[in-house]
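Following: one structure in structure tokens, then a few remarks.
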Amino acid sequence: MKALTVALPGREYDIKIETGLLDKAGACCRAVLPKAKRVAVVTDSNVAPLYLQRVYNSLKLAGFAVEGIVVPAGESSKSMEMLGQLYDQMLAFGLSRTDAVVALGGGVVGDLAGFAAATVLRGVDYVQIPTTLLAQVDSSVGGKVAIDLPAGKNLAGAFWQPKLVLMDPACLTTLSERIFSDGMAEVIKYGCIRDADFFRLLLDCGGRAGVMEHIEQVLYTCCDMKRRVVLNDERDTGERMVLNFGHTVGHAFELAGHYETWTHGQAVAVGMLWAAALGERLGVTPAGTGADIRRALEMYHLPAEIPCEWETMVEAVGLDKKRAGEGISFVLLEQLGCAVPVKMDTNRLLDELKQLYEG
């Protein structure tokens, strides 16, 4: 087993990575939830047939009363309506302040269940059991939980750290090529922002089969990078912004597809190319960096272009949560493996992006 500790003040928790860990979920949860009697397991309609029974059985063996709550798969479940349904089901189950929520699934489930845990009964403990690559390397770590609003994605949320994160790499074997590639965008991002040697390892792997040969190392490396960034900036006001490399423009592509046509990873992949191009244009990023990123993205079947109306780009930048007043922190690369947030006037940023858009 590989393990990392996220040692935030008063909220220390472990990230455990081991093949077969789903069957040990009950014992692991009992160790960090000694007072809990009930556990509500939130999952989705794709994951439930694959893994819910195994986790349910393991939790029962550890002495928990367990309620499985299955939501429809997809971004549309991150809604106020679904959140209300979760509250109703959790309270009908008898969930109390000393009980807990388990998020079993990808990023949508983690965000939704985590936000429900952060707010029901003014906050209960929760455990993340991410089953997609994107969730394992990114959304399950760091305590950001949220739902979407009609105005945009993740606009109602909280910082609510889990008590434990359990990752079973075997879950990744059931992912479609599209969903695996979705996660690889975030894996590539970590190499771009913090570790050029890791970026080169991903190129050497050559594709999904090669990554799976090194999967525990890949998960550990990504989680360790995110852990270190979160420890320095839990509330996303400084260094943690570098984790958003590719996301400002990427959100426009998600919006253009109504959060359904393009996955988060596909949108971030193209967003990284835009950020690299902007950095090269401004003289911040060395020439040729974008070409290196494009090579990695193509290797993992991620797009280099996504159609998007300019008005949608403007709308997405206006909604960006990294805005402060009239400015925005746009993440650029000083070189592969070194990202920095650069404060830019929003109008100037849009002018620069429009030059790329029209070029």
Query raised in the report: Which ones in region 132-178 are modelled with pLDDT under 95 and aliphatic (A, V, I, L, M)?
Result: Val141, Leu149, Ala151, Leu155
Report task. Considering only region 258-294, state which residues are of a type in the set (Lys, Arg) and under 23 Å from the mean Cα position of the chain (by Cα). Result -> Arg294
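Conditions (1) within 24 Å of Lys16 (Cα to Cα); (2) charged (D, E, K, R), marked per residue:
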| position | (1), (2) |
| --- | --- |
| Glu177 | no, yes |
| Val218 | yes, no |
| Cys223 | yes, no |
| Arg228 | yes, yes |
| Val242 | no, no |
Requested in this report: List the strands (runs of 3 or more DSSP E) that sit entirely inside region 78-194 and contain at least 1 residues that are of a type in the set (S, T, N, Q).
Outcome: 125-130, 152-159
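Would you mind finding the one in Leu201, Leu172, Leu255 that is over 14 Å from the mean Cα position of the chain (by Cα) and under 24 Å from Gln128 (Cα atoms)? Write out each step before concluding.
Values: Leu201 fails: under 24 Å from Gln128 (Cα atoms); Leu255 fails: under 24 Å from Gln128 (Cα atoms).
That would be Leu172, the only listed residue that is over 14 Å from the mean Cα position of the chain (by Cα) and under 24 Å from Gln128 (Cα atoms).
Could you please give the count of residues in region 66-83 that are over 14 Å from Phe115 (Cα atoms) and not hydroxyl-bearing (Ser, Thr, Tyr)? Write out each step before concluding.
Narrowing region 66-83 to residues over 14 Å from Phe115 (Cα atoms): 66-76.
Among the residues that remain, those that are also not hydroxyl-bearing (Ser, Thr, Tyr) are: 66-75.
Summing the residues that are over 14 Å from Phe115 (Cα atoms) and not hydroxyl-bearing (Ser, Thr, Tyr) in region 66-83 gives 10.
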**Report entry** Complete set of residues in region 337-359 that are farther than 22 Å from Asp233 by Cβ and not in a helix (DSSP H, G or I)
**Finding:** Asp345, Gly359
Query raised in the report: Out of region 35-75, which residues are under 11 Å from Gly105 (Cα atoms), out of contact with any helix residue (DSSP H, G or I) (no Cβ under 8 Å at 6 or more places or on another chain) and in a loop (DSSP other than H, G, I, E, B)?
Result: Ser45, Asn46
Query - Subset of region 116-141 [farther than 16 Å from Glu67 by Cα, surrounded by fewer than 24 Cβ atoms within 10 Å (Cβ to Cβ) and either small (Gly, Ala, Ser) or in contact with a strand residue (DSSP E or B) (Cβ under 6 Å, 6 or more places away or on another chain) (or both)] - result: Ala118, Gly123
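The values are calculated or read from the model by the stated rules, or taken from the named source; none is laboratory data. Predicted model only: the values in this text are computed from it and were never measured. Positions of Cβ are backbone-derived with ideal geometry, glycine not excepted, and every protein chain shown enters the neighbour counts.
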